[in-house]
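Enquirer: First the structure, then my questions, so here it is.
Derivation of every value follows stated rules applied to the coordinates shown; laboratory data play no part. Values in this document were obtained by computation on a predicted structure and should not be read as measured data. Cβ: placed from backbone, ideal geometry, glycine included. Neighbour counts: every protein chain shown.
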């Protein structure tokens, strides 16, 4: 997908979905997720990322996935003047429904932690288990963020865990492009 | 003269002064009028703006009324990120079976075509349905079936527990709740999970389940059960191929005097590992007048494990079922070709390995060995008319799944029937699921 189309697609998708409610188990609010991801932080500043067409292409090369969004919802985690890292929010479709999750990346673009904010499918709640999410820690876009290659499958929730894993890999690539200038 | 001139000048000045004062008054009036006009304009604009704002407010209030208030302000973002309320899903499979020693029995079949609709009523309540055609054509003169495979409503409670009511899949084994062709290896579903655990097994009733933070999921349910009145004692009995498959009720005017309970535990606490088991038990006689097995109870339990850490995918399952109090019924039908077994059981083990993955394509060969017996034991009968236990059927399968993306699969396998090589066959299949 070309970046311009991706942007308009995102806008359309958001516009189309406003007004619908979600079958959801909301586990964490954005604020709770921030605190879970960076417990040592004293402040979270909105720091949204806007990708240029060149950056979108770089993300696609790193993640082997469509870059999908031009705009990313990001919070910078601060401890005083020290930047601890970033919290990036995203949603992916599981089997039928959206899964909302947040990824913490360190300033060097490595994954610090993944938290599930809301899960809406009938099956596959196990992606919330800490043991499964721990597999992402310390990884980058190029170092085994793929089901069957670094991340183990969850039996009975293959699509949900595949799509979350792809989403985290895309975010790792976005972080790498935005942070390692 | 000077005086006169001065006086004139003063006079004219006096005369002019009121005149100029009058002029500026008129100007002022004009300005005031202008301002008043402008004020009217602003007032009109303000009224229009106010009207608009009220309309927006009303709309927002209406929306807020139809949506639960987010528990915290930032949660609003998630509400926006919800997908459409109604989703259509589907899966299907077209299979070709060719016995290697008797090609005259080769056949092709649109084995399954399924359409599903999921609808979310609100943030905690949704409906799941699946409608299925088996064997392409269903009519009084055809072999096909049309059936409601799932039809239930699920509600999420605040403590994370989920309750459902309707016709739903019993959480037994590895295949039953995950039965799309893209989810299992081989063209046909494995024998143990069709002959011993019926497939696709659903019952009407109520269920509760919850997934804990440690990866443990439990399920409990109260549902309809089997109806032993349906048992076919003839030589063509379906009971030979699938003990419970021949007496399942599938929510079709199901006899429900006797209800059944089930429970399942599945643990996914280690990435890639699934350990689980389930138990289902319920009366199967349904207090029918004149029926010789009204005390009969069907019980089925199984244990399963799957380990899929990466390219490797290992699984194993053991299932055993019993039907109690069948002696009188079998005695009544002494000498029949297919008496009711008192136990039936089976197990399989399977290994698959993803050998090739490029872009959208994935090739995963697999081997499976299974052993099953739909007539493992019979209730004791008087000497001379005792029923003989059936042989353990042994089947080896070797084949491969070739996935295109995550929704389309091409399958090929060879099945060796160790008890009867006339059944040995090659299978080809195509399936999809979304």
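Enquirer: Roughly how compact is the range B:294-434, stated as its Cα Rg over 2.2 N^0.38 Å to two decimals?
Expert: So the Cα radius of gyration is 1.39 times the expected 2.2 N^0.38 Å.
Enquirer: Now for a separate question. Relative to 2.2 N^0.38 Å, what does the C-alpha radius of gyration of the range A:59-141 come to as a ratio? Two decimals please.
Expert: Compactness ratio reported: 1.18.
Enquirer: Just from the alpha-carbon atoms, what are the Rg and Dmax of the range B:202-251 in angstroms?
Expert: For the range B:202-251, the Cα radius of gyration and maximum Cα-Cα distance read 15.9, 51 Å.
Enquirer: Between B:325, B:232, B:142, which gets the highest mean-square fluctuation from a Gaussian network model of chain B, Cα cutoff 10 Å?
Expert: Residue with maximal mean-square fluctuation among B:325, B:232, B:142: B:142.
Enquirer: Something else: In degrees from 0 to 90, rounded to the nearest 10, what is the angle of the helix B:2-66 Cα long axis to the longest principal axis of chain B?
Expert: 10
Enquirer: Could you work out the helix-only [θ] at 222 nm for the protein assembly as shown, with each DSSP H run of four or more residues adding -39,500 (n - 2.57) and the total divided by the number of residues, to the nearest 500 deg cm²/dmol?
Expert: Value at 222 nm, helices only, nearest 500: -7500 deg cm²/dmol.
Enquirer: Work the Kirkwood hydrodynamic radius out for the range A:3-179: mean of 1/r over every pair of different alpha-carbon atoms, inverted, in Å.
Expert: Kirkwood radius, the range A:3-179: 16.4 Å.
Enquirer: Further question on the same structure: Which peptide among A:41-53, A:67-79 comes first, and what is the full order, when sorted by highest mean count of other Cβ atoms within 10 Å?
Expert: In descending order of packing, they fall as A:67-79, A:41-53.
Enquirer: Measuring from the lowest to the highest alpha carbon on each principal axis, how far does the range B:368-434 reach, largest first, in angstroms?
Expert: 60, 28, 15 Å, listed from the longest principal axis down.
Enquirer: A further question follows. Determine, for B:152, A:119, the number of other Cβ atoms within 10 Å of each Cβ, and report the residues in order from fewest to most.
Expert: B:152, A:119
Enquirer: Right, next: Can you divide the C-alpha Rg of the range B:86-144 by 2.2 N^0.38 Å and report the result to two decimal places?
Expert: 1.65
Enquirer: Provide B:102, A:81, B:313 in ascending order of the number of other Cβ atoms located within 10 Å of each residue's Cβ, fewest first.
Expert: Least crowded to most crowded, the residues run A:81, B:102, B:313.
Enquirer: Using a 7 Å offset from the Cα along the Cα-to-Cβ direction at both residue B:314 and residue B:291, what is the distance between the two label points in nm, to one decimal?
Expert: 4.4
Enquirer: How large is the convex hull of the C-alpha atoms of the range B:101-179 per residue, in Å³?
Expert: Roughly 129 Å³ of hull volume per residue.
Enquirer: Related question: Mean separation of Cα pairs under 8 Å and 6+ residues apart, divided by the residue count of chain B: what relative contact order is that in percent?
Expert: 12 percent.
Enquirer: Between B:104, B:315, B:343, which gets the highest mean-square fluctuation from a Gaussian network model of chain B, Cα cutoff 10 Å?
Expert: Of B:104, B:315, B:343, the Gaussian network model singles out B:104 as fluctuating most.
Enquirer: Can you give the translational diffusion coefficient of chain B in µm²/s, computed by Stokes-Einstein from the Kirkwood radius over Cα pairs at 25 °C and 0.890 mPa s?
Expert: My calculation gives 91 µm²/s for D.
Enquirer: Hey, any idea what Rg/Rh is for the range B:184-290, computing Rh the Kirkwood way over Cα pairs?
Expert: Ratio of gyration radius to Kirkwood radius: 1.04.
Enquirer: How large is the translational diffusion coefficient of the range B:285-337 in µm² per second when you combine the Kirkwood radius over alpha carbon pairs with Stokes-Einstein at 20 °C and 1.002 mPa s?
Expert: 150
Enquirer: Please report the antiparallel percentage of DSSP beta bridges with both residues in the range A:3-179, rounded to the nearest 5.
Expert: Restricted to the range A:3-179, the bridges split so that about 95 percent are antiparallel.
Enquirer: Dividing the Cα convex hull volume of the protein assembly as shown by residue count, how many Å³ per residue is that?
Expert: 236
Enquirer: GNM, chain B, Cα, under 10 Å: largest mean-square fluctuation among B:135, B:126, B:101?
Expert: B:101
Enquirer: Something else now. How would you rank B:201, A:132, B:133, B:356, going from fewest to most other Cβ atoms within 10 Å of each one's own Cβ?
Expert: B:356, B:133, B:201, A:132
Enquirer: In Å, what Kirkwood hydrodynamic radius results for the range B:217-363 from the alpha-carbon pair distances?
Expert: Value: 17.6 Å, from the Cα pair sum.
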